Structure formats: C-alpha cells, structure tokens
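In what follows, a single structure is set out as structure tokens and then discussed.
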Amino acid sequence: MAASKSTTAKATKTTAKTKPVSKTVKKTESKKTNEKKRILFVASESTPFIATGGLAEVIGSLSVALAATDKFDVRVVIPLYSDIKKEYRDKFTYLGNFYVHLAWRNQYCGIFSYEKDGVIYYFIDNEFYFKRPGCYGYYDDGERFAFFSRSVLELMPFLNFYPDVMHCHDWQAALAAIYLKTNYCFREEYQYIRALFTIHNIEYQGQYSLDLLCDLFDIYGEYRYLVEYNNSINLMKGAIECCERFSTVSPRYAQEIKDPYYAHGLDPIIRNNEFKLCGILNGIDDVGYNCALDSHLFANFTSDDFSNKAICKSELQKMLNLPVKQDTPIISMVSRLVSHKGLDLVTNVIEELLQDDVQVVILGTGDAHFEGFFSGLAKKYPDKLSANIVFNSDLSRKIYSGSDIFLMPSKSEPCGLSQMIACRYGTIPVVRETGGLFDSIQPLHNGYTFTNYNAHDMLYVIRQAMSDYKNKTEWAKLMYRAATTDFSWSHSAKDYAALYLDMLK
C-alpha cells in the first residue's frame, strides 16, 4: 500500500508518542477488563487471509474459538503480504501509519484492520518487506520479521491496546517476545504484558550469524546472552528464555523436544526451561472439514450414513485413471514429500505393498528425489499407484473422502492435522506413534499405530488394516468412531484459556 501524506504520518507519530499509559490508567483498565482478558496473537500467517501450512489454520481457528468463549478480547497481527486476496484487502480499514526504528533504520509502517468472527485482525504494511510473492524464503527474512516484531510493539501505543497476554508463534514472531522483555521492558505500560511462545516446529529456529546482532536485530551487548547459542543467534532460544511460558502443539511433542533426537540442538535449552513448558493438542476446523457440507466432494455423506462414500471412491478412481474397484482398499498420503514425513519408510516397502490387492494415491510436492521416485513408480504401476506432484486443496478433499486408509508414518510430527481431517471423512489413519499422532490416534478406536521407525513394522500394520477392511461390519464401526472423534478447537481453546489465566495470576 502507498504511504499516506507526510502530514498524516507526522500526526500519527505525534499521537503514538502522546499515549503513554500511567499506572493509574492501567489499574483502571485492569478493572474494566476483568471480564475479558486481552489476547494478542503475533504470527506470520493466518487463515483465511494467507496460509502456507498448519500454522495459519491454528491462528485462524484458535483465535475464533477463544473469542467465542466471550471471555477474551482476541486480536491477531500478521504482515500485509501482497498475496492476500483482493476480496479481503478491499475490506480492510486503514487506521494510520507511523515509523519503526530498527537499529539504523527508520521504516514506514502502515496499519490496516479487519474484523471477522469476533476477532480483530491487524495487518502490518511495508511494501519493501512484504510486497513479494509468498511469505518466506528470502535472503532478508531475518530483517523482515525483525521489522514485523518491532512493529507489533509499536502498534500497542498507536492503538492504545496493551494485551494481557502476547501469544507469539514460531521463530518469525520470536523477536516480539524478546523485544518485550529487553528494549521495551523499561516502559511502564509494557510491564504488565505476559508473553507466551508456541513452537509449531522446532526444526526452524531462526538462526543467524552473531555479527548481525546489533546491525540487523537491534540487540546489544547486555542482552546478547539471551539469543546467543552455539556461536550464533538463535531467535527461538531467545524467545524461550524471555517468555513467561512456552508451549508446543501437542503434549507428546512437549516431552519429545527434551530429547536430542527431536530437538534439533535445542534440547539443553528446553530442559533448562521445562518448568514453564506445556503441550496443548491442536484442533481442526470441524465446520470447514465436514463431509456432510463440503462442496469439494463428489458426494456428501455423514457419520451416520457412509453410503455416498462409495461414490467418492469410484469417482476418485475415475479421476485418477485407476480401475474402479470398490473392494480394493485405497491407501492415500497427502503430505509434503520430505524425509521427516516418513517417506524413506514408504519408498523402502511400497513395491512390496503394491503386490497386494491395493491402490495407492499420493498428493504433494517436496524433495526432487521423492517427487521423481513416486512419478516413476506411477508409470511402472499405472493401475496401482497415482502420484500427483502438485499442491491442490480441492483434490486433497476428494482424496480424503474417497480413500479407505490414510498413511502418515512421520519420523517426527509436532501435531499433524491430516490424520484428524482423514478421520472426519471416515478414512482410517495408519500413523507412527510420535508427537500429535500419538495424542490423536488410538489403536483400533479411530486408527492404527506403530511404534518403531521401521519400514516393515509399518507394512505389517498397513496389512493388518487392509485385512480388517474386508470385515465390512467392523470396518463401518471403526469409520464411525473415527468420524465422530472430537477434534474441534473447543478442547484446545479451554486449555489455552486456562493457561492464559494461570499466567496472569
């Protein structure tokens, strides 16, 4: 968005400077907000505006679920990316602009707002940083999200909105928690704010060279120890050290990241701070993923009547040029094609599996090695395997609803949403017992599990599921239990609500 006239900018700067909140004012506000605690989500993406993965779904769904409890004033702040659809951008309200100081830079920051489903969304506008395709993967991502995080702190006096809890998500928002407890900790109005940091994937930690500490991140000597780790800057480490609490997206993952096998080098920091760690299982949008209403499906059905699922299956087979065989189980994977998703287990035994009466459907993109492997295998077994090396949300819904078994053999999985979505469509998950897969899928209640990261252990459980599939009566009961498992955000929202209130004691 273009900047407003300089007079507007000056007026806004003046307003921002003249809104300090005195102790007396803050106490008065606290009384007024006893009924509704103020929560500010700080994240790099959120549905329905921009999404690259599960993080966006969490922000978009959890904020709405918390707002629906009527106990919280929930607001979300994300960057104003150029990829945000025009249908939303046209509805945004321009609130004004100010300038953000970051080391030697003084950058324009425009603020837009939009209210939806009881949540107020704020969008940080700076075309130099965010007028680009996509969200991530640029050489200056560190600077981009440092600016974003600093803008969040400057946004508070501009709006005269100081949250009770600032909930930051993943490394892109880590600096908001760090700045709150360092550069801004001497300001009266910021001293009441509690910080919660949620790790959605510990593999991505925001690591940079130490020589960028002052020039890029505006962090100086006295605070260097907070972000320094293994002779580099580690923003996730800094957020863990600075926040009052930190969490993961499943209880099992909270335990796993204390172990070097899962922690990608951060396990000593996790163990040192485990007194403020908890794990809360993500949910899914149970309205959006509803087999009775989903317009993407070939035919709708319900958990009480799965008869139309047969139509979804046969139409999927036709669409993917597979033989139409109702009694042949379809095993599907909707996944990023990367090693930690367990793809090496699959490549190890898939040709052995394809000797059975089975069809396999794969959807996703990722490493060239896996893309090439499955594409080649589809040519070798055209009647058995369909490899769709694309990102296609419409096709994913058709695959979820038309499959019988959903395979998710992840090496690590902080939470995972696909296994929950599969359950909603009566497709039975086969998962490895790790992270959120362990917390969400119970053997023979709503799916199948295996423990060891071993290809033939996985194959054994897949064949057990295929054998059980032949018993249509028992399989129908399993489908019903899976489809009626409550993966809604209501449970998670209650847990987060309890966590927020505990932090404010």
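Which of the residues belonging to region 48-76 are open to solvent by 30 Å² or more (accessible area, probe 1.4 Å), touching a residue at least 40 places away in the same chain (Cβ under 8 Å) and either farther than 24 Å from residue 202 by Cα or β-branched (Val, Ile, Thr) (or both)?
Residues satisfying the conditions are 48, 52, 64, 68, 69, 71, 73, 75.
Check region 204-211 and report whether any residue there is of a type in the set (Gly, Ala, Ser), assigned to a helix (DSSP H, G or I), buried (at least 20 other Cβ atoms within 10 Å of the Cβ) and in contact (Cβ under 8 Å) with a residue 40 or more places away in the chain.
Within region 204-211, the subset of a type in the set (Gly, Ala, Ser) is 206, 209.
Going one step further and asking which of them are assigned to a helix (DSSP H, G or I), we end up with none.
Scanning region 204-211 turns up no residue that is of a type in the set (Gly, Ala, Ser), assigned to a helix (DSSP H, G or I), buried (at least 20 other Cβ atoms within 10 Å of the Cβ) and in contact (Cβ under 8 Å) with a residue 40 or more places away in the chain.
Can you tell me which residue among 114, 94 is more than 24 Å from the chain's Cα centre (by Cα), over 27 Å from residue 501 (Cβ atoms), surrounded by fewer than 20 Cβ atoms within 10 Å (Cβ to Cβ) and of a type outside the set (S, T, N, Q)?
Working: 114 fails: more than 24 Å from the chain's Cα centre (by Cα).
Among 114, 94, only 94 is more than 24 Å from the chain's Cα centre (by Cα), over 27 Å from residue 501 (Cβ atoms), surrounded by fewer than 20 Cβ atoms within 10 Å (Cβ to Cβ) and of a type outside the set (S, T, N, Q).
Filter region 381-421 down to the residues that are free of Cβ contacts under 8 Å to residues at least 60 places away in the same chain and aromatic (Phe, Trp, Tyr), then identify the one that is farthest from residue 466 (Cα to Cα).
391
Answer with yes or no whether residue 358 is open to solvent by less than 30 Å² (accessible area, probe 1.4 Å), of a type in the set (A, V, I, L, M, F, W, C) and over 30 Å from the mean Cα position of the chain (by Cα).
yes
Scanning region 166-203 for residues that are part of a loop (DSSP other than H, G, I, E, B) and in contact with a helix residue (DSSP H, G or I) (Cβ under 7 Å, 6 or more places away or on another chain), which turns out surrounded by the most Cβ atoms within 10 Å (Cβ to Cβ)?
My answer is 170.
Filter region 468-486 down to the residues that are polar (S, T, N, Q) and open to solvent by less than 80 Å² (accessible area, probe 1.4 Å), then identify the one that is nearest to the chain's Cα centre (by Cα).
Looking at residues that are polar (S, T, N, Q) and open to solvent by less than 80 Å² (accessible area, probe 1.4 Å), I get 485.
In region 219-267, how many residues are part of a loop (DSSP other than H, G, I, E, B), touching a residue at least 12 places away in the same chain (Cβ under 8 Å) and not charged (D, E, K, R)? Give the steps one after another, and end with the answer.
Keep residues of region 219-267 that are part of a loop (DSSP other than H, G, I, E, B), which gives 219-220, 230-231, 243-244, 249-250, 257-259, 264-266.
Among the residues that remain, those that are also touching a residue at least 12 places away in the same chain (Cβ under 8 Å) are: 219, 230-231, 243-244, 249-250, 257-258, 264-266.
Applying the additional criterion that residues be not charged (D, E, K, R) yields 219, 230-231, 243, 249-250, 257, 264-266.
Qualifying residue count for the region: 10.
Considering only region 416-444, state which residues are assigned to a loop (DSSP other than H, G, I, E, B) and at pLDDT 95 or above.
425, 426, 427, 433, 434, 441, 442
Please go through region 334-380 and pick out each residue that is touching a residue at least 40 places away in the same chain (Cβ under 8 Å) and part of a strand (DSSP E or B).
Those that are touching a residue at least 40 places away in the same chain (Cβ under 8 Å) and part of a strand (DSSP E or B): 334, 337, 359, 361.
Considering region 288-333 alone, what residues qualify as being touching a strand residue (DSSP E or B) at 6+ places or on another chain (Cβ under 8 Å) and open to solvent by less than 30 Å² (accessible area, probe 1.4 Å)?
Listed by number, the residues that qualify are 291, 313, 316, 317, 320, 322, 328, 329, 330, 331, 332, 333.
Which of the residues that make up region 146-156 are over 15 Å from residue 41 (Cβ atoms) and either open to solvent by 10 Å² or more (accessible area, probe 1.4 Å) or among the aromatic types (Phe, Trp, Tyr) (or both)?
Result: 147, 150, 154.
Report yes if some residue within region 90-110 is in contact (Cβ under 8 Å) with a residue 12 or more places away in the chain, polar (S, T, N, Q), touching a Leu at 6+ places or on another chain (Cβ under 7 Å) and not in a loop (DSSP other than H, G, I, E, B); otherwise report no.
no
Across region 361-376, which residue is modelled with the lowest pLDDT among those that are open to solvent by less than 10 Å² (accessible area, probe 1.4 Å) and not β-branched (Val, Ile, Thr)?
Among those residues, the one meeting the criterion is 364.
Can you name every residue in region 448-465 that is within 16 Å of residue 422 (Cβ to Cβ) and in contact (Cβ under 8 Å) with a residue 60 or more places away in the chain?
462, 465
Taking the condition touching a Pro at 6+ places or on another chain (Cβ under 9 Å), touching a residue at least 40 places away in the same chain (Cβ under 8 Å) and open to solvent by less than 40 Å² (accessible area, probe 1.4 Å), does residue 122 pass?
Details: touching a Pro at 6+ places or on another chain (Cβ under 9 Å): no; touching a residue at least 40 places away in the same chain (Cβ under 8 Å): yes; open to solvent by less than 40 Å² (accessible area, probe 1.4 Å): yes.
Considered against the rule, which asks whether it is touching a Pro at 6+ places or on another chain (Cβ under 9 Å), touching a residue at least 40 places away in the same chain (Cβ under 8 Å) and open to solvent by less than 40 Å² (accessible area, probe 1.4 Å), residue 122 comes out as no.
The values are calculated or read from the model by the stated rules, or taken from the named source; none is laboratory data. Everything numeric here is computed off the predicted structure, so don't read it as measured data. Neighbour counts run over all protein chains shown; Cβ positions are idealised from the backbone, glycine included. Accessible surface areas use protein heavy atoms only, side chains included; no ligands, DNA or RNA. Shrake-Rupley method; radii C 1.70, N 1.55, O 1.52, S 1.80 Å.
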